[in-house]
Amino acid sequence: MKSTATGEQHPSTRRYRGVRMRKWGSWVAEVRFPNSRERLWLGSYPTPEQAARAFDAAVYCLRGPGAALNFPDQPPHIPSASTLNREEIRAAAVRFAHDVPRRTEEAQGGGGEATTGVVSPGEANSRAMAESMEVFPGRDVAVHLIH
């Protein structure tokens, strides 16, 4: 949120923990180690949401499941997060930042409540490919539709 001189908050620009914008428009993320002034650089990202997701993964590794996350409804699933070294934490943060958040329906037939999940870029591409395929009944043929 952006403050004005009068103290008003504008919801048009949401601020995320551990994220800031460079002068030229890219978004960067970094996290501090607990009980230290030392920082871990998490990289530059095209969107503030990606940078915030990188921060979430790193802070989860450093502070555990009780950490304050930017997206508490989408916690990272990082096995043995507490035993990772700084390079592994950075790599996990980059991977989590590039996972694609998606909305799914609880019930396959629709009518269910929508929930949020995460799909890896490879899985997202596979789903997009499957959704753009037309299967001809009675034949073992599928044709990729170009949109």
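The values are calculated or read from the model by the stated rules, or taken from the named source; none is laboratory data. Keep in mind that this is a model prediction, so the values were computed, not measured. Here the Cβ positions follow ideal geometry from the backbone for every residue, glycine too, while neighbour counts run over all protein chains shown.
When the stretch 1-21 is limited to residues that are in a loop (DSSP other than H, G, I, E, B), in contact with a strand residue (DSSP E or B) (Cβ under 6 Å, 6 or more places away or on another chain) and modelled with pLDDT of 50 or more, the one that is farthest from residue 50 (Cα to Cα) turns out to be 13. Here residue 59 fulfils each of the conditions (1) among the hydrophobic types (A, V, I, L, M, F, W, C); (2) under 21 Å from residue 35 (Cβ atoms); (3) out of contact with any Gly (no Cβ under 8 Å at 6 or more places or on another chain) apart from (3).
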